[in-house]
There are 2 protein chains.
Amino acid sequence: HHISVHTFRCSLHRCTLQKYVQTEYAFEKCPPCSVFVCEWRSPEQLKDLLDLELREGGEAHPQILQRCRDAIRYSVKTGHPRFFNQLYAGMDPYSLVGRFITEAINPSLYTYEVAPVFLLTEEAVLQKMIEIIGWQEGGDGIFSPGGSVSNMYAVNVARYHHCPDVKVLGLSALPRLVMFTSQECHYSVAKAAAFLGIGTNNVYVIPSDKRGKMIPAEFEKQVQRAKDEGALPFMVNATAGTTVLGAFDPLEEIADICERHNLWMHVDACWGGGALMSKKHRYLLQGIHRANSVAWNPHKMLMAGLQCCAFMVRDKTNLLQRCHSAQASYLFQQDKFYDVSYDTGDKSIQCSRKPDAFKFWLMWKAIGTKGLEERVERALAMARYLAEEIKKRDGFRLVMEPEYTNVCFWYIPPSLRDMADGPDVCTTPYPQVAPVVKERMMKKGSMMVGYQPHGDKANFFRQIIISPQVSREDMDFLLDQIHSLGMDL
Amino acid sequence: HHISVHTFRCSLHRCTLQKYVQTEYAFEKCPPCSVFVCEWRSPEQLKDLLDLELREGGEAHPQILQRCRDAIRYSVKTGHPRFFNQLYAGMDPYSLVGRFITEAINPSLYTYEVAPVFLLTEEAVLQKMIEIIGWQEGGDGIFSPGGSVSNMYAVNVARYHHCPDVKVLGLSALPRLVMFTSQECHYSVAKAAAFLGIGTNNVYVIPSDKRGKMIPAEFEKQVQRAKDEGALPFMVNATAGTTVLGAFDPLEEIADICERHNLWMHVDACWGGGALMSKKHRYLLQGIHRANSVAWNPHKMLMAGLQCCAFMVRDKTNLLQRCHSAQASYLFQQDKFYDVSYDTGDKSIQCSRKPDAFKFWLMWKAIGTKGLEERVERALAMARYLAEEIKKRDGFRLVMEPEYTNVCFWYIPPSLRDMADGPDVCTTPYPQVAPVVKERMMKKGSMMVGYQPHGDKANFFRQIIISPQVSREDMDFLLDQIHSLGMDL
């Protein structure tokens, strides 16, 4: 390693400090901000460093302590203010305390008798989220191990709602079922169709407009196509906050079509659900109260920590229970001395289940609904700032104006700017820029941001803003870094 | 609350101490052993105590600290040496450290770039578990959020193996698929059949013998029945360690039948897999190396902490990837600068995924394979001790000799012992004994043990032994307590 001493002026706290750092670049924030986001090692190097092998004998405590240090050192610091790589980031201290408590208590949420506190806090969180969605008559829900699993729940309850026989008889006894989703939806919708036996061919994909939103007229055409084919259309997956572009499907118009054709309306708001907390931005999900089910992951925009994923249904007839129950007599005894309606484990497809709602409940208690709202509004304001900065700078181009906190943009190195002046500028040139810049930033460890090709568009960066620790200085740093890492290309 | 002062002689450490305790009974262990297993409150009481409501404003730190204390106080102490209620128990300190680390780092296991340490430790643990299963050519695997989900994976890969078209075309394009399992299997097998669109009617249930083991001849009869009906039999779920009785299906004979009929052999060893760690007891799973897939939860007998659930396949042709992948271009870019075969997230049905293997890896490093073996052998020896004690005591009757650490027994209060002298003693009388004793032990908080009816057998206790902290004194205490709580019935 190349180690050298640098003097900093911290960009966040304005303090001056000295620090030993690796690499030729000095960091610009005080500890803990100056910790690397990652300390890159190749898989082969890291295997050697970690000594992965599991042996007959155990190891002494100092050795185990060193293993812990190494695991931490070589892990990506996802709570770092410059980790922008995924749809989650940051670290809320209340949530972390909640997680330490639940890890130490080690509960499993099948029954009230073994997890009384965690079943009640889960119920309280779900009821509040349902209120925020706007289901005035209430609803039901369950926390699941990931938004992908929540979307699977949606498919399963939707088809059970249409054909309750499916639970017992299976799909081979039914007509061909068809579901709908936009081309911009999360890939878990296809995974759900495959896993649940529907088949990916029976997911009819609806074109989206230039902003990434499902086109309602195209949706209705696809419904008609399925009917003409003699298939049974049963549900649509609308997306509130798409993965790459952060687009919101037009929920009111989708709800109208669902009513006309008797379709289950599921909203995958895993990412965009956070906007519901903001009175200013919740218009993005206008119409969500008309959905039959909603998936919403507080571990994303609301920083509850992985995992924290609610699946909720508007139904009040115990649909989750009827659809998923297996009535195990060793667990869900009916002769218990308390009200067994609190034993909610049989609503789930899981048996052991982690208490993912508790950390969110504790954080919510600590910062209040108002605190959650402020965080969301701050993240959106920061995304707006970044978009404006991108427009001001040479060599940066927005893919589109952000509606949420996905800021998608290209970086064009000086040597390519001349050829990048036409109207098709960003669909053609140099898809290798983003991968090379990404490689350099990871090897340096200064930050992490994702990139991807998308439809006809060559690789672009997708900057995601979540954490309240992220400042305007971080946005400036991001653009400066990308330029300094890629200007020679 | 009734609070009084008692003087104890700790049964474990032989020290004398005074303590304020609730209830009329004194506890017999020093702190921390004298902590209650649970402090029972009804759902209504607990709702008031916890103040569940989520409000506009946040709360000050002292209030949040009190909420943490309350959450801990009213939670069941599943790591307590007298928590015998589920198929998990105890607390390993190395695992807990691993969990604190991963909660603080907050990784998600999609790609090497965001979770390098945790993907490599997962792979190392899987390869070692595969070696222990006895797949000499290796295999593949993934950690899942629960044994139920692992069993779903098994069903999905088994049907994909038989009919790769199912992923794209769905079940409506296929003949009726039929799977097999014993009457003693875990309820997740039925949940999997419902969720994956196969239908619970297409799970053909095979009778088990008196010891709870699948009867191979009956299995083959059911296969023939499915074939005669024109259905397509595709897999069997064999259970190694059933939930209630702790029975092991005869894997060698089941493997023979699978070979004759070209069936996928899945072994649900979620609970019984722990015995593989013991050279003395691994004969219980004789033949598991012939399985096509295995589910094994180190969070149960091996105390890795919830959740830690491996699903493994013997296949070496990338079946998990082919069966589950959706190739999201924003996550699994192919133009990355490292070997993207380490980006294993697309094998999974999840997108976000917790690093459940790391805590197990750290614990294994600390105590070694030998340490895991000793724990398993100690738990089995303790179960043997308890079974012998039960045979010696009036009013206690074993349901059957335990093979594993499920010790199933009835308690018969003195007033009922006369009428309980016939050969059918335990199938008829007084199913309310266990529920009443359970209610009393929970309200006292002294211990927790499960009970259930099973087939034609009235409610009996199911004592599960796992933790190395459990002593012979705890076994004696269990029987003494049940007698003292139920002798007046």
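Screening the candidates A:Tyr74, A:Tyr112 for the property of being at the interface with chain B (Cβ under 7 Å from one of its Cβ atoms), closer than 22 Å to B:Val35 by Cβ and open to solvent by less than 20 Å² (accessible area, probe 1.4 Å) yields one hit, A:Tyr112.
Quick check, is A:Gly305 under 16 Å from A:Thr239 (Cβ atoms) and touching a residue at least 24 places away in the same chain (Cβ under 8 Å)? When the stated conditions are applied, A:Gly305 does not pass them. For region B:230-257, filtered to residues that are in a helix (DSSP H, G or I) and open to solvent by less than 10 Å² (accessible area, probe 1.4 Å), the residue that is nearest to B:Glu377 (Cα to Cα) is B:Leu251. Taking the numbered list (1) more than 10 Å from every other protein chain (Cβ to nearest Cβ); (2) open to solvent by 10 Å² or more (accessible area, probe 1.4 Å) in turn, A:Asp165 passes all entries but (1). I'm trying to understand the selection: among the residues of region B:432-478, which are of a type in the set (A, V, I, L, M), buried (at least 21 other Cβ atoms within 10 Å of the Cβ) and in a helix (DSSP H, G or I)? Hits for region B:432-478 are B:Val433, B:Ala434, B:Val437, B:Met441, B:Met442, B:Met475, B:Leu478. Taken together, the residues in region A:123-139 that are open to solvent by 20 Å² or more (accessible area, probe 1.4 Å) and more than 12 Å from chain B (Cβ to nearest Cβ) amount to 3.
Within region B:311-320, is there a residue that is within 9 Å of chain A (Cβ to nearest Cβ) and either open to solvent by 10 Å² or more (accessible area, probe 1.4 Å) or not in a helix (DSSP H, G or I) (or both)?
No, region B:311-320 has no match at all.
For region A:191-217, the candidate set comprises residues that are under 27 Å from B:Val166 (Cα atoms) and more than 14 Å from chain B (Cβ to nearest Cβ); within that set, the residue that is surrounded by the most Cβ atoms within 10 Å (Cβ to Cβ) is A:Ile206. The residues in region B:292-319 that are hydrophobic (A, V, I, L, M, F, W, C) and over 20 Å from the mean Cα position of the chain (by Cα) can be counted, and the count is 1. Look at region A:146-159: where a residue is more than 7 Å from chain B (Cβ to nearest Cβ) and a partner is crowded, with 24+ Cβ neighbours inside 10 Å and among the hydroxyl-bearing types (Ser, Thr, Tyr), sitting 6+ places away or on another chain with Cβ atoms under 8 Å, you get A:Ser150/A:Ser144; A:Asn151/A:Ser188; A:Met152/A:Ser188; A:Tyr153/A:Ser144; A:Tyr153/A:Ser293; A:Ala154/A:Ser293; A:Val157/A:Ser293; A:Ala158/A:Ser293.
If you go through region B:196-224 and keep only what is touching a strand residue (DSSP E or B) at 6+ places or on another chain (Cβ under 7 Å) and assigned to a helix (DSSP H, G or I), you end up with B:Asn202, B:Glu218, B:Phe219, B:Gln222, B:Val223.
Here B:Leu263 passes the criteria (1) more than 10 Å from chain A (Cβ to nearest Cβ); (2) out of contact with any strand residue (DSSP E or B) (no Cβ under 9 Å at 6 or more places or on another chain); (3) in contact (Cβ under 8 Å) with a residue 40 or more places away in the chain except the one numbered (2). With respect to the conditions (1) at pLDDT 95 or above; (2) in a loop (DSSP other than H, G, I, E, B); (3) open to solvent by less than 30 Å² (accessible area, probe 1.4 Å), A:Gly57 lacks only one, and its number is (3).
Which of the residues spanning region A:354-367 are more than 7 Å from chain B (Cβ to nearest Cβ) and in a loop (DSSP other than H, G, I, E, B)? Hit for region A:354-367 is A:Pro355, nothing else. Evaluated against (1) open to solvent by 10 Å² or more (accessible area, probe 1.4 Å); (2) within 15 Å of A:Phe358 (Cβ to Cβ); (3) not basic (Lys, Arg), A:Ile142 falls short on exactly one condition, (1).
The values are calculated or read from the model by the stated rules, or taken from the named source; none is laboratory data. Since the structure is predicted, the reported quantities are computational estimates derived from the model, not experimental observations. Positions of Cβ are generated from backbone atoms using ideal geometry, with glycine treated the same way; all protein chains shown enter the neighbour counts. When the accessible area is computed, the model is the full protein with side chains, heavy atoms only, and any ligands, DNA or RNA have been set aside. Shrake-Rupley method; radii C 1.70, N 1.55, O 1.52, S 1.80 Å.
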